[in-house]
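Report on the structure given below.
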Amino acid sequence: MTSVERLEAALARIEDPKGEGARACLTVYRDGAKAAAQAADARQKSGISLGPLDGAIVTLKDLFDVAGEVTRAGSKVLAEEGKPATADAPIVQRLRAAGAVIVAKTNMSEFAFTGIGVNPHYGTPGNAADVARVPGGSSSGAGAAVGHKFCDIAIGTDTGGSIRIPAALNGITGFKCSRQRVPTAGAFPLSGSLDSIGPLANTIADCAHADAIMAGETPWALEAAPLAGLRVGVARGGPTENLDDTVGKRFPAALAKLEKAGVRLSDETLPLIDEMGSLLARTSILVAEAYAIHRERLSRRAADIDPIIVGRTDKGRDISSADYIDILQARARMVHAMDARLADLDVLVMPTCPIVAPRIDEVAADPKVFMSRNAMLLRNTTIVNFFDSCAVSLPLPREGGLPTGLMVIARNGQDRRLLRIAAAMERVLQA
């Protein structure tokens, strides 16, 4: 199919009144996308290519600046008070220059501050596997957009799991790069210390192509790494405790497939993860930085913001500057220690999320249930952001059930090596 034909098919699904398009895609760029798709097809006919994303259908999370538009970040307050962006975010500029056909801006948790993906202002897009369930957040619309085939690649952000959680819950692939790899300018922030940008797609190859473009690199040929003899650590303790029945069956089954393919599995206990948990129970970098961003807005418009977000953000009021500096210093020490601890492993693996997607009505009915499920969804993914690592969530075979994900983690800066390993694991797990 041509780019125009694929775009028209995507638009038909987005605009289907019986589908999830209206909740997943908050702004649809029908005319601009059509012009970009026509240009991509014209280049293809002339034997010209701008690279692997030329003609690819792409969506952007609602927190990226697009010139002339107010950046909402899933918030009605920002939609009402914000000023139009004067320029596209750098990653948007790079995607356009690579020939990407940007079809829509996608829904998200307000201010990117939950792993559930519910948005009371613009609606909650249904999960691609079961629309009665949450899509995961905060890149909720991104996960739904790829899962429901509204696009080929969705661009999201990840501060504590906001790419990998929707990927796992919707049965697709998500990549959280090393934080410094892709510029975050022009993306509405949640936590400057933890924010990163990355793709969600159906394959590791598409993720790798999008990542290279956004990082300002020349696209590269992704070749799967040999699995035989690969040193794969299995995180034991907290990351593999209290798994629900589905994840509890799929995770060991995935390990068995990988071991049969020749990887060398080793059980790894990581006390640093427990230390992280104790530290975050006292002080949160994310909450402190989010409060600094939103404190003035909360004082004026709290009634117009999701009460869950208000409650989480307002906890930053009680974090002193001394406590904030202490945790930044502790984190720097722990990041260095974890990097050294993982030096003898090629990758570390754990379930992306310990549970499958909760039902929308389940989390809507009781804030305590919401927060409990939110904590479970974020439990494992947060580890990667805290320790400044890079990670992929790979979909595991569903066998007729709900989607789950395998998280593959590498040390900071090992992004390309990680993607090559993930490409090899993708083949084995989907065989």
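Rounded if a/c is under 1.5, else prolate if a/b is larger than b/c, else oblate: which is the range 169-280, with a ≥ b ≥ c the root eigenvalues of its Cα gyration tensor? Here the range 169-280 falls in the oblate category. Using a Gaussian network model of the chain in which every pair of alpha carbons under 10 angstrom is joined by a spring, one finds that among P307, P125, P189 the greatest mean-square fluctuation is at P307.
Order the peptides 250-261, 344-355 from the highest to the lowest mean number of other Cβ atoms within 10 Å of their residues. Walk me through the intermediate numbers first.
Working: 250-261: 16.9, 344-355: 23.5.
So the peptides 250-261, 344-355, ranked by packing, come out 344-355, 250-261.
Scanning residues 5 or more positions from Y122 or on other chains, none has an amide H under 5 Å from its amide H, with H placed 1.01 Å from N in the peptide plane. Extension gain for R231-Q44 works out to 63.1 nm (0.36 nm per residue, less the C-alpha to C-alpha distance). Between V131 and any residue 5 or more places off or on another chain, the built amide H atoms are never under 5 Å apart.
Within a Cβ distance under 13 Å of S266, other residues only, what is the Lys/Arg minus Asp/Glu net charge? Write down the numbers at each step before the final one.
Working: positive: R231, R236, R264, R341; negative: E259, D267, E268, D344, D346.
After counting each charged neighbour, the total is -1.
Label zone (A221, point 7 Å along Cα-to-C-beta; backbone nitrogen cut-off 18 Å) within the range 42-70: 49-53. Counting neighbouring Cβ atoms within 10 Å and putting the fewest first, the residues D31, D158, D415 line up as D31, D415, D158.
Given the peptides 238-246, 203-211, arrange them by the average over their residues of other C-beta atoms within 10 Å, most packed first.
Working: 238-246: 15.3, 203-211: 23.6.
Packing order, densest peptide first, comes out as 203-211, 238-246.
Mean projection of the alpha-carbon convex hull of the chain over all orientations, in nm²?
Working: hull surface 77.7 nm².
For the Cα atoms of the chain, the hull's average projected area reads 19.4 nm².
For the chain, the dipole from Cβ point charges (+1 on Lys and Arg, -1 on Asp and Glu) about the Cα centre works out to 280 debye, to the nearest 20.
Scanning residues 5 or more positions from A104 or on other chains, those with amide H under 5 Å from its amide H are Y29, L60, with H placed 1.01 Å from N in the peptide plane.
Taken over the C-alpha atoms, the range 3-214 has Rg and Dmax values of 15.4, 47 angstrom. Entry note: the range 231-430 has Rg to Rh equal to 1.00, where both radii use alpha-carbon atoms and Rh is the Kirkwood radius.
Derived scalar couplings between HN and Hα for the range 35-48 equal 5, 5, 5, 4, 5, 5, 5, 5, 5, 4, 5, 8, x, 10 Hz in order, rounded to whole Hz, by the Karplus curve 6.51 cos²θ - 1.76 cosθ + 1.60 (θ = phi - 60°), x for Gly and Pro. The phi torsions of the range 367-377, fed into the Karplus equation with coefficients 6.51, -1.76 and 1.60 and a -60° offset, translate into couplings of x, 5, 5, 3, 5, 5, 5, 4, 4, 5, 5 Hz, rounded to whole numbers, with Gly and Pro shown as x.
What is the range 231-430's relative contact order, in percent, from Cα pairs under 8 angstrom and six or more apart in sequence?
Values: 255 pairs, mean separation 55.2, N = 200.
This gives 28 percent for the range 231-430.
Based on C-alpha pairs under 8 angstrom that are at least 6 apart in sequence, the range 3-214 has a relative contact order of 20 percent. Grab the other residues whose beta carbon is less than 10 angstrom from that of G238, score K and R as +1, D and E as -1, and report the net. Value of the local net charge: 0. Put +1 on the Cβ of each Lys and Arg and -1 on the Cβ of each Asp and Glu in the chain; which of T27, A431, I308 then has its Cα farthest toward the positive end of the dipole? Selected residue: A431. For the range 3-214, the residue among G198, A85, S178 whose Cα projects farthest onto the positive side of the dipole built from Cβ charges is S178. Restricting attention to the range 43-106, lysine pairs at least eight places apart or on different chains and with alpha-carbon atoms under 28 angstrom apart total 5. Ordering of 135-145, 312-322 by packing is 135-145, 312-322, highest average first (other Cβ atoms within 10 Å, averaged per residue).
In order along the range 214-222, phi translates into HN-Hα couplings of 5, 7, x, 9, 6, x, 10, 7, 7 Hz, rounded to whole numbers, per the Karplus curve 6.51 cos²θ - 1.76 cosθ + 1.60 with θ = phi - 60° and x for Gly and Pro.
Read the figures in this text as sums done on the coordinates, not as results from a lab. It should be emphasised that the depicted structure is a prediction, and the values quoted were computed from it without experimental measurement. Here Cβ is always computed from backbone atoms with ideal geometry, including for glycine, and neighbour counts include all displayed protein chains.
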